[in-house]
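First comes the structure, then the notes that go with it.
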Amino acid sequence: AAAARCTVTVCRGCCCGTPKIPGLDHAGQLAQLRRALADNAQVRVTGCLDACEHANVVVVQPTVAGRAAGGRPVWLGLVNDPDAADDIAAWIAAGGPGLADPPGILDLYEFTPSRRIRQAAED
């Protein structure tokens, strides 16, 4: 059943989810993501993903079907807007990476981490 759902990894390490990123209710954002994604994705929290220049990182990993269709994990950084959780949830409800195009606004958050960081986080 878990393979039929996307996995959303929320960084809450060194910078993400701390007062180093002021003006954001980090606990509220995590709770909002968990509520919005409860039916469609597994939300997990991790320590530092080592992408601090993009602090407040969210990684959306595709379902098995999404991966088979060419979807790859999508790294979103500087996710500081309260509406971003709803945009992420809408994308995942539509199928997520490989199965649905993300809302255009998420393009503003997308970044490509170094290969070393990707390999460590996506394995």
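The values are calculated or read from the model by the stated rules, or taken from the named source; none is laboratory data. This structure is a prediction, so every number in the text was calculated from the model and none was measured. Cβ placement follows ideal geometry from the backbone for every residue including glycine, while neighbour counts extend to all protein chains displayed. Areas reflect the complete protein model, heavy atoms only, side chains present, ligands, DNA and RNA absent. Shrake-Rupley method; radii C 1.70, N 1.55, O 1.52, S 1.80 Å.
The table that follows gives values for the structure above.
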item: The range 27-123, accessible surface, carbon-and-sulfur percent (1.4 angstrom probe); result: 49
item: Peptides ranked, highest mean first, by Cβ atoms within 10 Å: ranges 112-119, 54-61; result: 54-61, 112-119
item: Å² per residue, accessible surface of the chain at 1.4 Å; result: 51
item: Quarter of Cα convex hull surface for the chain, i.e. mean projection, nm²; result: 6.8
